[in-house]
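Trainee: The structure's right below; bear with me while I get my questions together.
Taken together, the values in this text are just the output of simple stated rules run on the coordinates, not laboratory data. Predicted model, so just to flag it, every value in this text is computed and none were measured. Please note: Cβ atoms are built from the backbone with ideal geometry, for glycine as well, and neighbour counts cover all protein chains shown.
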Amino acid sequence: MVNANDIKHHLESYLIYDGFRKILKSLKYESTTFNHSFESIKKELSLHKDNMKKRKTIAEIINDLMIKKGIEKPSYIYDKAGISRDYWSKLISNKIKEPSLIVLYKLAIAFELSIEETNALLSNFNRAFSEDASMLDQIIAYFINEKIYSTELIDQLLVEFDEEALFSVAN
């Protein structure tokens, strides 16, 4: 059984001693910098356009994850993620094209994704863990990196660090 106090102390150390930057480094995070010549801007735009074509829809991602993780009942995921059945239906029917960062975090935790899988999920929607991350981003990254997927514990510690609970609020 996970001890909430032990996790809280470890989370505090993680926040104090730059644990988030270590996660970014492990993801091989690099600042995107380039000179601003016309050719370099054109190249960046071309790469961005190619990446947009390769993007998967949220429905495709959810379907792939359900298969990969061997989950047969969608309710297991949307209940754990604190996502309403109506919102889930909109996700899997692609009525929602760009899920919010919060929904992506909820899905990452409900599917018990690794930090690398979470980064790939975020990247698909032009999001990423970054050096200017909020406290919420850092705390979520901590739990995912540590493979702690207890939604109750995550909510408890988010509130203790003056952040809003994620999972007790349905979308």
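Trainee: Would you calculate the separation in nanometres between label points at D6 and S150, each defined as 7 Å from the Cα along the Cα-to-beta-carbon direction?
Mentor: Modelled inter-label distance: 1.0 nm.
Trainee: Run the quick spin-label model on S75 and E116: label points 7 Å from Cα toward the beta carbon, then report their separation in nm to one decimal.
Mentor: In this crude spin-label approximation the distance works out to 3.5 nm.
Trainee: How large is the Rg to Rh ratio of the stretch 57-123 when both quantities use alpha carbon positions and Rh follows Kirkwood?
Mentor: Checking Rg against Rh, the ratio lands at 0.91.
Trainee: Still on this structure, please answer the following. Pulled fully out, how much extra length does the chain show between L15 and A128, if you take 0.36 nm times their separation in residues and subtract their Cα-Cα distance?
Mentor: Working it through step by step, the gained length comes to 38.8 nm.
Trainee: Taking every pair of alpha-carbon atoms in the stretch 91-171, what share in percent sits in each 10 Å bin, from 0 to the bin with the longest distance?
Mentor: 18, 54, 26, 2
Trainee: So what are the ³J(HN,Hα) numbers for the stretch 103-119, from phi and the Karplus equation (6.51, -1.76, 1.60; θ = phi - 60°), rounded to whole Hz, Gly and Pro as x?
Mentor: Computed from phi, the couplings for the stretch 103-119 are 5, 5, 4, 4, 5, 4, 6, 5, 7, 6, 6, 6, 5, 5, 5, 5, 4 Hz.
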